[in-house]
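What follows is one structure encoded as structure tokens, with my remarks underneath.
The values are calculated or read from the model by the stated rules, or taken from the named source; none is laboratory data. No experiment lies behind these values; they were computed from the predicted model shown. Note: ideal-geometry Cβ built from the backbone for every residue, glycine included; neighbour counts use all protein chains shown.
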Amino acid sequence: MVNKVHPKLEERVEKENWTEGIERPLTLLDIVTEQPGKTAELAGHSIISSRQFEREQIIQLCRLAAKFETQQSFGQFPLTGKILISAFYEPSTRTRLSFESVWHRLGGDIISITDPSTTGIAKGESLSDVAEMMNHYGDVVVLRDSNNNAIYEMLEGLRIPIINAGNGTDEHPTQALADMYAIFKWRPELLMEDVPEEKKVRIAIIGNPRRMRTVRSLLLLFSQFSDVICEVVIICNRDTGFDEGQKEELENEGLNIRISADMERELPAMDIVYINAIAWVGDTYEEHGLEYKLDKDSPLKSDAIILHPLARGDELSTELDDSKHNWYFAQARGAVFVRMALMSSIVRF
Ligand code: CP
């Protein structure tokens, strides 16, 4: 009797580029040589901005993430006895749950605040005083706050590391690491020496780099890989979509950036299509570029991947969930492993 493979599984196997009996393609673990010293440099450091990461640190964090992802069993529990203070003052599904999942999986304990009105902040306590207290209660803080400056105010009173899990419209550096991990898993050849021209990528970002912290942080990481990114096309219909000096900073690092309002014209040439339509601002969210939508009729290259930081709205049709273009769920899944790599590098005995 012939074992029939469910069509969904067949598609997934093909998407993950593996077929029984055929030599498997190279992975990140094959291509990147381990350099533990690079991730060890992060020990004890806070992570506020994507600007802090050197190229080799990004690569090594992705390699370590791949190691965690392929092992699935983490052997020792390096965070046993360590306490994470999880402070999310703004809604989150993925970031909070993935950080907390990581901490549990690595053996640590968690205390959390999901509403600042249940803390002394409601009585006017300063963030630096809250931070002073946190020094005694935990070993690392992960903070999401809609105020761009809150993380800097916390830093003033903290002697333990703090991780920026999204500060207003400014940055979301660990999401950007997760995005890079998805890209390098999809095409690890980008990390080889002398990448052939045909393997280099064109990237569309449908979003607003000025208002979207995910986009801002990702562009900063892209700027370290301008040698393998032919161009980034920002698909955006409102002004230039950049803060003053933001585009110039990226271009000075060698990133080739173009702005276009014509998504349909740009898509057929793109290898990676990153889309997002919301920016959290204050107590609510702004929507950007709702005229741009991806669905099964979008003129995508056959092997193009779609990334989305999620949560999604109408801009990304669920019709694409079962397509080969769907890398957004892998991106969200990989965030656990990249955060595992980051946390185990920052917190060391
Ligand atoms: N990508 C992201 O930040 O998702 P959450 O808002 O669910 O954390």
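Given the conditions (1) of a type outside the set (Phe, Trp, Tyr); (2) touching a strand residue (DSSP E or B) at 6+ places or on another chain (Cβ under 6 Å); (3) assigned to a loop (DSSP other than H, G, I, E, B), report the number of the one that SER112 does not fulfil.
All conditions are met except number (3).
Can you pull out every residue in segment 115-126 that is assigned to a loop (DSSP other than H, G, I, E, B) and charged (D, E, K, R)?
Once the filter is applied, which keeps residues that are assigned to a loop (DSSP other than H, G, I, E, B) and charged (D, E, K, R), segment 115-126 yields ASP115, GLU125.
Among the residues in segment 107-119, are any more than 16 Å from the ligand (Cβ to nearest atom) and buried (at least 22 other Cβ atoms within 10 Å of the Cβ)?
Taking every residue of segment 107-119 in turn, at least one turns out to be more than 16 Å from the ligand (Cβ to nearest atom) and buried (at least 22 other Cβ atoms within 10 Å of the Cβ).
Let me confirm something: among ILE259, ILE203, ILE235, which residue is among the β-branched types (Val, Ile, Thr) and more than 29 Å from ARG333 (Cβ to Cβ)?
Exactly one residue qualifies, and that residue is ILE259.
Out of segment 142-162, which residues are in a strand (DSSP E or B) and within 16 Å of the ligand (Cβ to nearest atom)?
Within segment 142-162, VAL142, LEU143, ARG144, ASP145 meet the criteria.
Looking at (1) at pLDDT below 95; (2) part of a helix (DSSP H, G or I), which one does GLU193 not meet, given that it meets all the others?
If we test GLU193 against (1) at pLDDT below 95; (2) part of a helix (DSSP H, G or I), just (2) comes out false.
Residue-by-condition table, conditions (1) crowded, with 17+ Cβ neighbours inside 10 Å; (2) touching a Ser or Thr at 6+ places or on another chain (Cβ under 7 Å):
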position: ARG258; (1), (2): no, no
position: ASP262; (1), (2): no, no
position: VAL281; (1), (2): no, yes
position: GLU287; (1), (2): no, no
position: ASP297; (1), (2): no, no
position: HIS308; (1), (2): yes, no
position: ALA311; (1), (2): no, yes
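Where in segment 200-291 are there strands (runs of 3 or more DSSP E), lying wholly inside it, with at least 2 residues that are free of Cβ contacts under 8 Å to residues at least 40 places away in the same chain and either assigned by TED's automatic domain parsing to the domain that holds LEU310 or under 26 Å from CYS62 (Cα atoms) (or both)?
229-235, 257-260, 284-287
Among (1) away from the ligand (no atom under 16 Å from the Cβ); (2) in a helix (DSSP H, G or I), which single condition is ARG96 missing?
Among (1) away from the ligand (no atom under 16 Å from the Cβ); (2) in a helix (DSSP H, G or I), the lone unmet condition for ARG96 is (1).
So is ALA330 within 15 Å of the ligand (Cβ to nearest atom) and touching a His at 6+ places or on another chain (Cβ under 7 Å) or not?
no
So, in segment 73-105, exactly how many residues are under 21 Å from ALA131 (Cβ atoms) and of a type in the set (Gly, Ala, Ser)?
Within segment 73-105, residues that are under 21 Å from ALA131 (Cβ atoms) and of a type in the set (Gly, Ala, Ser) number 3.
Condition (residue is closer than 30 Å to LYS67 by Cα and of a type outside the set (Ser, Thr, Tyr)) applied to segment 257-270: is it met by at least one residue?
Among the residues of segment 257-270, at least one is closer than 30 Å to LYS67 by Cα and of a type outside the set (Ser, Thr, Tyr), which makes the answer yes.
Of the residues in segment 168-197, how many are surrounded by fewer than 24 Cβ atoms within 10 Å (Cβ to Cβ) and either closer than 28 Å to TYR137 by Cα or in contact with a Lys or Arg (Cβ under 6 Å, 6 or more places away or on another chain) (or both)?
4
Going through segment 57-93 one residue at a time, which ones are within 12 Å of the ligand (Cβ to nearest atom) and either in the same structural domain as LEU310 (by TED's automatic domain parsing) or in a loop (DSSP other than H, G, I, E, B) (or both)?
Once the filter is applied, which keeps residues that are within 12 Å of the ligand (Cβ to nearest atom) and either in the same structural domain as LEU310 (by TED's automatic domain parsing) or in a loop (DSSP other than H, G, I, E, B) (or both), segment 57-93 yields GLU90, PRO91, SER92, THR93.
Search segment 319-339 for residues that are assigned by TED's automatic domain parsing to the domain that holds LEU294 and pair each with any residue that is at pLDDT 95 or above and of a type in the set (S, T, N, Q) when their beta-carbon atoms are under 7 Å apart and the residues are at least 6 apart or on different chains.
Pairs that qualify, where the first residue is assigned by TED's automatic domain parsing to the domain that holds LEU294 and the partner is at pLDDT 95 or above and of a type in the set (S, T, N, Q), are LEU320/ASN326.
Could you please find all residues in segment 337-349 being under 14 Å from the mean Cα position of the chain (by Cα) and within 14 Å of LEU79 (Cβ to Cβ)?
Here is the first cut: in segment 337-349, the ones under 14 Å from the mean Cα position of the chain (by Cα) are 337-342.
Matches in segment 337-349: ARG339, MET340, ALA341, LEU342.
Would a scan of segment 166-181 turn up a residue that is more than 16 Å from the ligand (Cβ to nearest atom) and part of a loop (DSSP other than H, G, I, E, B)?
No: segment 166-181 contains no residue that is more than 16 Å from the ligand (Cβ to nearest atom) and part of a loop (DSSP other than H, G, I, E, B).
Rundown of residues vs (1) touching a Ser or Thr at 6+ places or on another chain (Cβ under 9 Å); (2) farther than 29 Å from PHE222 by Cβ, yes/no style:
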residue	(1), (2)
LEU61	yes, no
ALA66	yes, no
PRO78	yes, yes
LYS82	no, yes
GLU90	yes, no
THR93	no, no
ARG96	yes, no
PHE99	yes, no
